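Q: Starting off with a structure, shown below.
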Amino acid sequence: MNINIENFKQLTDFDNILVCDEHGVIIFYDVVDLNVLKQIGLRPEDFMGKHITTFYKNLTNENSTIMRVIKKGVAVTNEKQELITNHGNVLLTVNSTYPIIENDRIVGAIEFSKHFYTKENIQSLDKLAHHKVYRRNNTYYTIDDIISINPKMEIIKNRIQKISRTNSTVLIYGKTGTGKEMIAQSIHNLSDRYGGPFLSVNCGAIPPNLLESTLFGTVKGSFTGSTDMPGLFEQAEGGTLFLDEVNSLDIYLQVKLLKAIEEKTIRRIGGNRNIPLNIRVISATNEDPDTLVSEKRLREDLYYRLGVVQIDLPPLIERKEDIESLLTYYIDFYNNNMNIVVEGVEDDVLECFKRYSWPGNIRELKNAVETAFNHTSLQRITMEDIPKRMREFNQSLPVKSNEHGSQSLKEAVEQYEKEMISKELTNMNGKITEAAKRLGISKQLLKYKIDKYQLS
Ligand SMILES: Nc1ncnc2c1ncn2[C@@H]1O[C@H](COP(=O)(O)OP(=O)(O)OP(=O)(O)O)[C@@H](O)[C@H]1O
Ligand SMILES: [Mg+2]
């Protein structure tokens, strides 16, 4: 047999291969490029045994390349087609379709397609794929990933546009899961430094002596077994160094850090050479900086140095208007990541999401949607699919007045009290003494109420 290698090269240029029987029912489907499936929102096995025209809104027996080839027995090559998925995504493909002929009878067709992406397609894939390969500087997030309609968050988004033009230090304060890392990466990606590295270190996760060498680097012979090693300050040259959980930093290291930022130089441990720095320092804390300073856990001079610009991220409970858009965003996100088609949530699920206290903030919401995707067998997420703690929280709240007759004064007061306590507990990281102080009640009474409303 005479094999023409050029034809084989052409075949590798296709993104998916599809074989149909004589009726147009798919009997084989394979993809080279997984993005094709993300665009269509289906798994390969979803195609099997179904008629080709069922997958696209605008595909008919008349305009489908497959159906025409089966009917006429003549190949169609390099034909452009615009397809609209049942989801409403528009795809542009170029198809080459050949009849399969056995004993002079057309028994089916084979189609090779190449998919073309419009600018909008690529932007949405990039956003939804959330994968490091999309950016070379070690980051996942840009300002466009910050979903919010809350006025405070809008102001923060405006501020980070301005902040990104300067080199000033930024201190981000927010409870767990409020988006501190997201903000830090967005500033980096908006700045001229975006081509440089974004290096992140969790000050609370590394023991102090190791953290010192990780940050400042070492020279050979400075202590047993030490080698010439640049620290993160040096490695972040031209980019951004993100000091996460800076509230956990040891006092000795706080002095060293202050000096490095003020003088814009460092010395490696055991070294005698001053190394100049061209980096931006962004830090984050999940504890209130004023409390840290008053409790002498954060040096005041370092606080002013780190927080030339301070961003306070509100917890999700203070931006309840974002819950619905975050929910829609993450349903879309997991539809694309898991190739499952979930259309939305039942009304009571939305209601429950809006009433929940969200101690884990946006991370918890994202995880709750992921949990629901793993449980749901329908196209709409039901109360059965969401995490148990959310269901229990919801059940412990008094029924809403508009649903079940009018609410008594006692019930309304209890509901208000419960929401206030749960909000303060979230604000104070679950610390009962502090929450009681802020609520103006005794610790004992607060404990009693936590028990009563099952808030622990
Ligand atoms: N405004 C937002 N829009 C969409 N997703 C968000 C938003 N804020 C946070 N997230 C998502 O929530 C998760 C937690 O965000 P991030 O890691 O930035 O929080 P964090 O404040 O650094 O949390 P921790 O204190 O626990 O480190 C991430 O998956 C992020 O994508
Ligand atoms: Mg973080």
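Read the figures in this text as sums done on the coordinates, not as results from a lab. Note that the coordinates shown come from a computational prediction; the quantities given were computed from them, not determined experimentally. Every residue, glycine as well, gets a Cβ built from its backbone with ideal geometry; the counts of neighbours run over all protein chains shown.
Q: Would you mind working out the magnitude of the charge dipole of the chain relative to its Cα centre, with +1 at each Lys and Arg C-beta and -1 at each Asp and Glu C-beta, to the nearest 20 Debye?
A: The dipole of the chain has a size of about 1520 debye.
Q: Just round it to a whole percent: the fraction of Cα-Cα distances in region 132-314 exceeding 27 Å.
A: For region 132-314, the share of Cα pairs beyond 27 Å comes to 26 percent.
Q: Quick one: which of 179-188, 353-362, 17-26, 294-303 comes out on top by average Cβ neighbours within 10 Å, and what's the full order, highest first?
A: Highest to lowest by the protection proxy: 179-188, 353-362, 17-26, 294-303.
Q: Grab the alpha carbons of region 231-282, take their convex hull, and tell me the volume per residue in Å³.
A: Normalising the Cα hull of region 231-282 by residue number yields 80 Å³.
Q: Rg and Dmax of region 290-341 over Cα atoms: what are they, in angstrom?
A: Spelled out, the Cα radius of gyration and Dmax of region 290-341 are 19.0, 53 Å.
Q: Counting DSSP beta bridges in the chain, what percent are antiparallel, to the nearest 5? Can you show the working numbers first?
A: Working: 35 of 55 bridges.
About 65 percent, rounded to the nearest 5.
Q: What does the convex hull of the Cα atoms come to per residue for the chain, in Å³? Spell out each step's value before the answer.
A: On the way: hull volume 97.3 nm³, N = 456.
Measuring per residue, one finds 213 Å³ for the Cα hull of the chain.
Q: While we're looking at this one, here's another question. Assuming R0 = 22 Å, what is the FRET efficiency of Ser294 and Ile441, from their Cβ-Cβ distance, to the nearest 0.05?
A: That gives a FRET efficiency of 0.45.
Q: Further question on the same structure: Could you work out the Kirkwood radius for region 312-403, taking every pair of different alpha carbons, averaging 1/r and inverting it, reported in Å?
A: 13.5 Å is the Kirkwood radius here.
Q: Further, regarding this structure: Convex hull over the Cα atoms of region 409-452, averaged projected area in nm²?
A: Answer in nm², one decimal: 2.8.
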